[in-house]
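First up is the structure itself, then whatever we jot down about it.
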Amino acid sequence: MKRLSVLAARLAGSLLIAAAGAALAQAPVLRVSAIPDEAPTELQRKFKPLGDYLKKETGAEVQFTPVTDYAAVVEGLANNKIDLAWLGGFTFVQAKLRTQGGAVPIVQRAEDEKFTSKFIVPAASPVQSLAELKGKTFAFGAPSSTSGHLMPRYFLLKEGLNPDADFKSVAFSGAHDATVAFVASGRAEAGVLNASVMDKLVESGNANAAKVRVLATTPTYYDYNWTVRPGLDAALTRRITEAFLKLDPANPEHKELMALQRASKFVPTKTSNYDGIEAAAKAAGLLK
C-alpha cells in the first residue's frame, strides 16, 4: 500500500507539471512594435516596463519587435506579423487604408488629443518668424511622421510656405531627436519635431537641445495611439484596452511606466478621431 501511495503521488506530481506546461504553451503571444520616431535604444527603454506590465495584465507573452521604418509597422499589422502597435496619427491612417479599415485604434494618451509640433532654429539664428524661413535649409523627421512631417507641412502650406518650393533644401532626419541634432550641428538652418520629444530633451539636459530654440508651435491635432491588427482576438483586445485604461501615475507601480510614456493617463479612442489627419494628408499631397 505504501508503494502504491508513493506511485500515486509521483503520478499526481507529473500530471501537475504536465498541466502547468500545457498552460504555459497555450499562453498567447502578443507581438508589439512601434514607429521608430526616436533612437532604438530609447524605444527599448520606454517599452520594456510597458511590456512587463502588459504581460502581467493580459497573461500573454509580450514580444517587442523594433522596426527600421514606419512602413514596416503598417505592413506588419496588415500581414498579421504585429498584433499591437504604437502609431502616429498619419501612420494609423495609412494602416487603416492598407487594411481596408481592419486596423483599429483602441487607446491614446490624453495628451494626444491636443498634440503639437515645434519649429526650431539654432539658438543664435536671427530668424524670428516662419515667413523668414524662406530660402533656408530645413529638416523634417521621417516622411510618414505625423508630428515631424505631415502636420507641420500642412500648417506651413496654410501659412503660405511651400516646403518644396520655398526652402533652399529639405532633408529628412529620420527621427525627432535626430532633427534636433541636424539643427544643432548646422546641417539644417531650421527643423520641426514632436513637441513632447523636444520637451523631454530639454528636461533631460540634452546637449543638442541646448543649442536650439523654439521658433513657433503648431495648432493642435490628434496624434499617437495604440492600434490592434485586423482580427486580433476580441478578449485579448479587451484585456489590452483595460490594462491601458487602468494605468494611474498616482499608483507607485505605474509611475515610472507612465513617465516613460509621457502620459498623464490613457483614454479610449476611435477611428473618426483621425479623419482630420487624413484630410490634412490629402491637402498636403501626401495621400491620393
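For region 60-72, backbone phi angles converted through the Karplus equation (6.51, -1.76, 1.60; θ = phi - 60°) give residue-by-residue couplings of 9, 7, 9, 10, 8, 10, x, 10, 8, 8, 5, 4, 5 Hz, Gly and Pro being listed as x.
Quick check on my link table: of K46/K200; K136/K288; K96/K118; K114/K158; K48/K114, which ones sit more than 23 Å apart, alpha carbon to alpha carbon? Check vs 23 Å cut-off fails for K136/K288; K96/K118; K48/K114. Extension gain, V214 to A165, is 15.3 nm, computed as 0.36 nm per intervening residue step minus the present C-alpha separation.
For V62, the amide hydrogen comes within under 5 Å of the amide hydrogens of L30, counting only partners 5 or more places away or on other chains and with H modelled in the peptide plane.
Taken over region 220-288, the convex hull of the Cα atoms encloses 120 Å³ per residue.
Listed by chain and number, the aspartates and glutamates whose C-alpha is less than 18 Å from the C-alpha of K134, apart from same-chain residues fewer than 8 away, are E159, D164, D166, E189. Considering all different alpha carbon pairs of region 116-217, the Kirkwood hydrodynamic radius works out to 13.0 Å. At full extension, R45 and L245 could sit 69.9 nm farther apart than now, given 0.36 nm per residue minus the alpha carbon distance. Please give the Cα centre distance for region 224-288 versus region 53-78, rounded to the nearest Å. Their Cα centres are 13 Å away from one another. Look at the alpha carbon pairs under 8 Å that are at least 6 residues apart: their mean separation over the length of region 145-273 gives a relative contact order of 17 percent. Please list, or write none, the aspartates and glutamates whose alpha carbon is within less than 19 Å of the alpha carbon of K81, excluding same-chain residues fewer than 8 places away. Within the straight-line limit of under 19 Å, K81 reaches these aspartates and glutamates: E61, D69, D233. Estimated at 0.36 nm per residue, the fully extended path between E256 and E57 surpasses their Cα-Cα distance by 70.0 nm.
Rounded to the nearest Hz, the phi-derived 3J(HN,Hα) couplings of region 112-128 under the Karplus curve 6.51 cos²θ - 1.76 cosθ + 1.60 (θ = phi - 60°) are 7, 6, 9, 8, 9, 10, 10, 7, 10, 9, x, 4, 8, 5, x, 5, 10, where x marks glycine and proline.
Note on N80/K270: beta-carbon distance plugged into 1/(1 + (r/R0)^6) with R0 of 22 Å gives a FRET efficiency of 0.45.
Normalising the Debye intensity of region 182-237 to I(0), with uniform scatterers on Cα atoms only, and taking log10 at q = 0.19, 0.21, 0.26, 0.27 Å⁻¹ returns -0.76, -0.86, -1.14, -1.19. Here the Karplus curve 6.51 cos²θ - 1.76 cosθ + 1.60, taken at θ = phi - 60°, turns the phi angles of region 40-52 into couplings of x, 5, 6, 4, 4, 4, 5, 9, 4, x, 5, x, 4 Hz, with x standing for Gly and Pro. Taking every C-alpha pair closer than 8 Å and separated by at least 6 residues, the mean separation divided by the residue count of region 116-217 gives a relative contact order of 44 percent. Ordered from longest to shortest, the equivalent ellipsoid semi-axes for the chain are 44, 20, 15 Å, each the square root of 5 times a Cα gyration tensor eigenvalue. Among DSSP bridges having both ends in region 116-217, what percentage is antiparallel? Round to the nearest 5. The antiparallel fraction comes to roughly 60 percent.
Here, each number is a calculation from the coordinates, and none is a lab measurement. Keep in mind it's a predicted model, so treat the numbers as computed, not measured. Heads up, the Cβs are rebuilt from the backbone with ideal geometry, glycines too, and the neighbour counts pull from every protein chain shown.
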